[in-house]
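**Student:** Take this structure, written in structure tokens, and hold onto it; I'll ask about it next.
The values are calculated or read from the model by the stated rules, or taken from the named source; none is laboratory data. Just so it is clear, the model here is predicted, and its values are computed rather than measured. Virtual Cβ from ideal backbone geometry, glycine too; neighbours counted across all protein chains shown. These area figures cover heavy atoms from the full protein model, side chains too; ligands, DNA and RNA do not enter into them. Shrake-Rupley method; radii C 1.70, N 1.55, O 1.52, S 1.80 Å.
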Amino acid sequence: MSEELKVPIMADCFAADKQPEILFWVGSAGSFDDRAKKISRAFVKILNKANVDFAVLGTEESCTGDIAKRAGNEFLFQMQAVTNIEVLNAYGVKRIVTCDPHSFNCLKNEYPGLGGSYEVLHHTQFIDELIKSGRLKIEADTYKGKRITFHDPCYLGRSNNEYDAPRNVLASTKANIIEMKRNKQTALCCGAGGAQMFKEPEKGAMDINVLRTEDALETKPHIIATGCPYCNTMLTDGIKNKEKEAEVSVLDIAELIANS
């Protein structure tokens, strides 16, 4: 992005005796994966546009430990979690927003048992809040008339029962939102959850991300919208498998809003 993004660091805010409104938890994908970094930047662009007082932990942020837990390494998970909780509690963090449903689920539901209780929001919930309160206005008709289908991330949808926020946000773009046959409670996993992202799939007739991409392509979309960096990777791979890159793009909701 051409414009300069303002990204305050929590340590600097703390030194200046300032408590930001939210802490943006960037997550491992959003920090290190080249594709997911674009989602992080898009979300920061939204925060800047809406004049949200936020900060990131920067180098003090470590992996939530979610993937270790899903892979069965509870010891490593607890080590990661306790380290993060000490940092978050030292800064007096109350409200956390993240673009990653895996981090969202972990921070919201698994950190309280280890002494880390925070109000945790997925970025679609926070964007929905910004639009409803009038702090963020969708001005451009960038996606008016475009066909968009939304893939529900497992850790946002079934795990935390949040189906409305992403759809409310997408509706604000004036696009035509077309639901896949399997959506909301019956949505099919993209295949990345539960640490599956980091291993080869088991033998079978078809990779699950290709099957989910077929679900999406049935809606004849211009765009497949996601709310998770891992879903984004899996569906992008699915689109490549179907050789549809020229016709269909996979974009995070933050990117759709940042472009609007």
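**Student:** What are the semi-axes of the equivalent ellipsoid for the stretch 68-197, taken as the square roots of 5 times the Cα gyration tensor eigenvalues, largest first, in whole Å?
**Tutor:** In descending order, the three semi-axes are 31, 20, 10 Å.
**Student:** I need the shape label for the stretch 64-104. Rule: rounded when a/c is under 1.5, else prolate if a/b > b/c, else oblate, with a, b, c from the alpha carbon gyration tensor.
**Tutor:** oblate
**Student:** What does the C-alpha gyration tensor say about the overall shape of the chain? Classify as rounded when a/c is under 1.5, otherwise prolate if a/b is larger than b/c, or oblate.
**Tutor:** Here the chain falls in the oblate category.
**Student:** Let me ask you something else. Average projected area of the Cα convex hull of the stretch 163-260, in nm²? Walk me through the numbers on the way to the answer.
**Tutor:** Working: hull surface 26.7 nm².
Projected over every direction and averaged, the Cα hull of the stretch 163-260 covers 6.7 nm².
**Student:** Shifting gears a bit: Straight-line reach only, C-alpha to C-alpha below 16 angstrom: list the aspartates and glutamates that LYS199 could link to, leaving out same-chain residues fewer than 8 apart.
**Tutor:** ASP66, ASP207, ASP237
**Student:** Okay, moving on. Would you compute, from DSSP H runs of 4+ residues alone, the mean residue ellipticity of the chain at 222 nm, taking -39500 (n - 2.57) per run and dividing by the full residue count, rounded to the nearest 500?
**Tutor:** -11000 deg cm²/dmol
**Student:** Next question. Can you work out the Karplus-derived ³J(HN,Hα) for every residue in the stretch 164-177? Use 6.51 cos²θ - 1.76 cosθ + 1.60 with θ = phi - 60°, whole Hz, and x for glycine or proline.
**Tutor:** 7, 3, x, 6, 4, 5, 4, 4, 5, 7, 6, 7, 8, 8
**Student:** Which order do the peptides 97-109, 148-160, 15-27 come out in when sorted by mean C-beta neighbours inside 10 angstrom, highest first?
**Tutor:** 97-109, 148-160, 15-27
**Student:** Provide the gained length on full extension for the span ASN73 to ASP12, in nm with one decimal, where the gain is 0.36 nm per separating residue minus the Cα-Cα distance.
**Tutor:** 18.6 nm
**Student:** Right, here's the next one. Using each residue's phi in the stretch 40-49, evaluate 6.51 cos²θ - 1.76 cosθ + 1.60 at θ = phi - 60° and report the 3J(HN,Hα) Karplus result to the nearest Hz, with x for Gly and Pro.
**Tutor:** 3J(HN,Hα) across the stretch 40-49, in whole Hz: 4, 5, 4, 5, 5, 4, 5, 4, 5, 4.
**Student:** FRET efficiency for SER249 and GLN19, Cβ-Cβ distance as r, R0 = 25 Å, nearest 0.05?
**Tutor:** On the way: r = 38 Å, r/R0 = 1.53.
Efficiency, rounded to the nearest 0.05: 0.05.
**Student:** So for the stretch 1-144, what are the equivalent ellipsoid semi-axes in whole Å, largest first, each being the square root of 5 times an eigenvalue of the Cα gyration tensor?
**Tutor:** 26, 18, 14
**Student:** What does the accessible area per residue of the stretch 105-260 come to in Å², with a 1.4 Å probe and no ligands, DNA or RNA counted?
**Tutor:** On the way: 7010 Å² over 156 residues.
Using a 1.4 Å probe on heavy atoms only, each residue of the stretch 105-260 averages 45 Å².
**Student:** For the stretch 25-89, what is the accessible area per residue in Å² when the probe is 1.4 Å?
**Tutor:** 46 Å²
**Student:** Same structure again: With all protein chains present, how much of the accessible area of the stretch 86-145 (probe radius 1.4 Å) comes from carbon and sulfur, to the nearest whole percent?
**Tutor:** Taking all protein chains in place, the stretch 86-145 shows 49 percent carbon and sulfur surface.
**Student:** On the protein heavy atoms, probe 1.4 angstrom, tell me the percent of accessible surface of the stretch 168-260 carried by carbon and sulfur.
**Tutor:** It is 51 percent, rounded to a whole number.
**Student:** Taking 0.36 nm per residue of separation and subtracting the Cα-Cα distance, what length does fully extending ASN51 through LYS220 add?
**Tutor:** 57.2 nm
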